[in-house]
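The values are calculated or read from the model by the stated rules, or taken from the named source; none is laboratory data. Note that this is a predicted model, so its numbers are computed, not measured. Heads up, the Cβs are rebuilt from the backbone with ideal geometry, glycines too, and the neighbour counts pull from every protein chain shown. Surface areas here come from the heavy atoms of the whole protein model, side chains and all, with no ligands, DNA or RNA. Shrake-Rupley method; radii C 1.70, N 1.55, O 1.52, S 1.80 Å.
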Amino acid sequence: MIDLKLLRENPELVREGIRKKKFSCDLDAILELDDKRRACVAEAEKARALQKSANNDMAHMEKGAPAFLEKVKELKVISDNVKELEEKAKEMDSLWKAMFLTIPNMPDPSVPVGKDEADNKVTSTWGDIDSVSKFTKPHYDIPWFNKYLDFPRGVKVTGAGFPFYRGDMARLVRALISFYLEEARKNGYEELMAPILVNAESAMATGALPDKEGQMYEATKDAFYLIPTAEIPVTNFYRDETFEEKDLPVYHCGYTPCFRREAGSWGKDVRGLNRLHQFDKVELVKWTHPDTSFEELEKLKSDAEGLLQKLELPYRVLLICTGDIGFSHAKQYDLEVWAGGQKRWLEVSSCSNFTDFQARRAGIRYRPRAGGKAEVVHTLNGSALAIPRVLAAILENNLQEDGRVRVPKALRPWYDDEFIGDS
């Protein structure tokens, strides 16, 4: 959540930040409710002061005396009023907090202003899209593709978007996961094996709630959510904890399966591996000092780019505009890989700085070296990388004349065959 002080002291700045983003909330109603909430709290505190004063007076009175008995009656009225006012203040605070959490993070000034994805800016490219296999075709049209990736049985067991990876394809997915995690370790990220179910408080802390409630699968009986990304459990690893400034930055990575309902998806974008309801991903998460978070974002992006370079996959980097940036994000880069068979770019990573937005919700702070009160850290995360679309690009860009696919050399420690597929 944003800094409440910022909202109270500079509401027009917040209003402008909301206007630039694609999200909407009733800021006037939130400000009005904040005033009412504060008035309720003040009234309750005043009543408690009267209650305390009445108790002090009774301590100096003779028990059973007429004045004492009168004071007892007066105190009961005051106590009932205190209880009523405290309940009212509690209800008002709960209502206000729910509305306050609908305010998105403010976009950083370096983020380009735009309406939608058409206004995103390409900041760099790597590789030659014309150098991919001249035999390329969409991965879902490769003759043996459905032998190694079984969608019909996935539909039978669960539903659409939950495929089975078979044999060498399952081994190749496992190789990609191992490659991602090993590269993360080399770059200083400590690995976590995280839960794939989280509670509502964890989802709220990262901004997944209330923003992405419709995209998450929910285990309603136990009030858990299946994670759409490891960002949620890994970020919450330090919820309600305080770092020492000397220990920042802190890096963690985590591999998990991810689950997304992908409501509204349709057409050619969902064919094959392009858009699944369950997929595997390695996530990189950082907790940093506020002064260095944007520098850390560039490093995070570089870590994700390094994977695509070692996999020899052409890609481009987009700086996401205000109209397309996420709810919790202050600045966001997307990495898109070139899929030669489909002749289109596929998003495989988002690298984002959330500044203090998530950490304020999650209660994650640091103690300054110079002393004084604890300050809020900045959090960042990035996909490094999602499996399905990277796999699609590998299959399409490395398709050989005999029908097999050449496996990138970077994966050979975990996949010791040069090719996958049938000739």
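Scan segment 57-86 for residues that are surrounded by 14 or more Cβ atoms within 10 Å (Cβ to Cβ) and small (G, A, S) and jot them down.
S79
All but one of (1) among the acidic types (D, E); (2) open to solvent by 60 Å² or more (accessible area, probe 1.4 Å); (3) modelled with pLDDT of 95 or more hold for E231; which doesn't?
It fails just one condition, (2).
How about segment 138-173: which of its residues are open to solvent by 70 Å² or more (accessible area, probe 1.4 Å) and under 17 Å from F419 (Cβ atoms)?
P143, K147, R166
I'm told G17 meets every condition in (1) within 23 Å of G326 (Cα to Cα); (2) part of a helix (DSSP H, G or I); (3) open to solvent by 80 Å² or more (accessible area, probe 1.4 Å); (4) out of contact with any Leu (no Cβ under 9 Å at 6 or more places or on another chain) except one. Can you identify the failing condition by its number?
Failed condition: (3).
Can you tell me which residue is farthest from Q309 (Cα to Cα) among those in segment 179-202 that are in a helix (DSSP H, G or I) and touching an Asp or Glu at 6+ places or on another chain (Cβ under 8 Å)?
For segment 179-202, the residue satisfying everything is R185.
Do you know which residues across segment 181-196 are within 17 Å of P228 (Cα to Cα), surrounded by fewer than 18 Cβ atoms within 10 Å (Cβ to Cβ) and either at pLDDT below 95 or in contact with a strand residue (DSSP E or B) (Cβ under 6 Å, 6 or more places away or on another chain) (or both)?
Of everything in segment 181-196, those that are within 17 Å of P228 (Cα to Cα), surrounded by fewer than 18 Cβ atoms within 10 Å (Cβ to Cβ) and either at pLDDT below 95 or in contact with a strand residue (DSSP E or B) (Cβ under 6 Å, 6 or more places away or on another chain) (or both) turn out to be L192, I196.
Of all residues in segment 1-14, count the ones that are touching a helix residue (DSSP H, G or I) at 6+ places or on another chain (Cβ under 9 Å) and either modelled with pLDDT under 90 or open to solvent by 20 Å² or more (accessible area, probe 1.4 Å) (or both).
Within segment 1-14, residues that are touching a helix residue (DSSP H, G or I) at 6+ places or on another chain (Cβ under 9 Å) and either modelled with pLDDT under 90 or open to solvent by 20 Å² or more (accessible area, probe 1.4 Å) (or both) number 7.
Here is a check on your reading of the model: is Y255 assigned to a strand (DSSP E or B), in contact (Cβ under 8 Å) with a residue 40 or more places away in the chain, open to solvent by 20 Å² or more (accessible area, probe 1.4 Å) and over 30 Å from A160 (Cβ atoms)?
No: the conditions fail for Y255.
For D334, only one of the following conditions fails: (1) out of contact with any Leu (no Cβ under 7 Å at 6 or more places or on another chain); (2) among the charged types (D, E, K, R); (3) not in a helix (DSSP H, G or I). What is its number?
Just one mismatch for D334, condition (1).
Can you tell which of K246, K281, K299 is basic (K, R), touching a residue at least 12 places away in the same chain (Cβ under 8 Å) and either surrounded by fewer than 24 Cβ atoms within 10 Å (Cβ to Cβ) or assigned to a loop (DSSP other than H, G, I, E, B) (or both)?
Of the residues listed, the single one that is basic (K, R), touching a residue at least 12 places away in the same chain (Cβ under 8 Å) and either surrounded by fewer than 24 Cβ atoms within 10 Å (Cβ to Cβ) or assigned to a loop (DSSP other than H, G, I, E, B) (or both) is K246.
Could you say whether any residue in segment 87-102 is modelled with pLDDT of 85 or more, within 22 Å of T355 (Cβ to Cβ), of a type in the set (V, I, T) and open to solvent by less than 40 Å² (accessible area, probe 1.4 Å)?
Taking every residue of segment 87-102 in turn, none turns out to be modelled with pLDDT of 85 or more, within 22 Å of T355 (Cβ to Cβ), of a type in the set (V, I, T) and open to solvent by less than 40 Å² (accessible area, probe 1.4 Å).
Looking at segment 108-132, which of its residues are without any contact (Cβ under 8 Å) to a residue 60 or more places away in the chain and either touching a strand residue (DSSP E or B) at 6+ places or on another chain (Cβ under 9 Å) or assigned to a helix (DSSP H, G or I) (or both)?
Residues satisfying the conditions are A118, D130.
Among the residues of segment 340-353, what is the count of those that are open to solvent by less than 10 Å² (accessible area, probe 1.4 Å) and hydroxyl-bearing (S, T, Y)?
2
Could you please give the count of residues in segment 302-339 that are among the charged types (D, E, K, R), touching a strand residue (DSSP E or B) at 6+ places or on another chain (Cβ under 8 Å) and either farther than 16 Å from K186 by Cα or open to solvent by less than 10 Å² (accessible area, probe 1.4 Å) (or both)?
Number of matching residues: 4.
Going through L307, L273 one at a time, which residue ends up being modelled with pLDDT of 95 or more, part of a loop (DSSP other than H, G, I, E, B), touching a helix residue (DSSP H, G or I) at 6+ places or on another chain (Cβ under 7 Å) and farther than 23 Å from R365 by Cβ?
Among L307, L273, only L273 is modelled with pLDDT of 95 or more, part of a loop (DSSP other than H, G, I, E, B), touching a helix residue (DSSP H, G or I) at 6+ places or on another chain (Cβ under 7 Å) and farther than 23 Å from R365 by Cβ.
Mind checking whether some residue in segment 170-188 is of a type in the set (D, E, K, R), out of contact with any His (no Cβ under 9 Å at 6 or more places or on another chain) and more than 16 Å from E283 (Cα to Cα)?
Checking segment 170-188: at least one residue is of a type in the set (D, E, K, R), out of contact with any His (no Cβ under 9 Å at 6 or more places or on another chain) and more than 16 Å from E283 (Cα to Cα).
Applying the selection to segment 354-385, what residues are open to solvent by 10 Å² or more (accessible area, probe 1.4 Å), part of a strand (DSSP E or B) and hydroxyl-bearing (S, T, Y)?
Within segment 354-385, Y366, S383 qualify.
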